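The values are calculated or read from the model by the stated rules, or taken from the named source; none is laboratory data. Since this is a predicted model, take the numbers as computed values, not measurements. Because the Cβ atoms are built from the backbone with ideal geometry, glycine has one as well, and the counts that use them run over all protein chains shown. Ligands, DNA and RNA are stripped out before the accessible areas are found, and what is left, the full protein with its side chains, is counted by its heavy atoms. Shrake-Rupley method; radii C 1.70, N 1.55, O 1.52, S 1.80 Å.
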Amino acid sequence: MTYNPPDTPPVEQWPLLAAPDCPTCQRPTEVAWIGPATLADGAQVNVWRCRACPADFSIHAVYWPVLDGPNCPHCHTEVTCWAALAPDALGDLWTCEHGHEFVLTSEGLIVLPEDAA
């Protein structure tokens, strides 16, 4: 019997239906999930492979759902929601009820869109 691994991690680690863009060639349709891994510093990651280029890359594993999101750094509202993973900033993209976007890194640093450019 052949093993057919899933294309994305378990839903508690990856709440999106689509794979991330490949950081090398930017082709999301060719990216497949390889599996979980532990880095030398102990960080849990999900390893991905691009079938187009072929590059391997990892994204830090995050367990969802998050019940208490960060306050918006723009307007300080507490009503924020998780939007997507932000692999370029190694963090998570959040939005607030007023439409502001920001990235929260795994170290707890906030990256604003104007800072990322």
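Quick look at the values:
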read-out: Accessible area per residue in Å² at 1.4 Å probe, computed on region 62-116; value: 63
read-out: Percent carbon-and-sulfur accessible area, region 19-61, ignoring ligands, DNA and RNA, probe 1.4 Å; value: 49
read-out: Solvent-accessible ranking of S58, S106, largest area first, probe 1.4 Å; value: S106, S58
read-out: Alpha-carbon gyration tensor eigenvalues x 5, square-rooted, for region 19-61, Å; value: 20, 9, 8
read-out: Estimated distance in nm for a label pair at L90 and E30, the labels positioned 7 Å out from Cα along Cα-to-Cβ; value: 2.6
read-out: Solvent-accessible area per residue, Å², over region 19-61 with all protein chains present [probe radius 1.4 Å]; value: 55
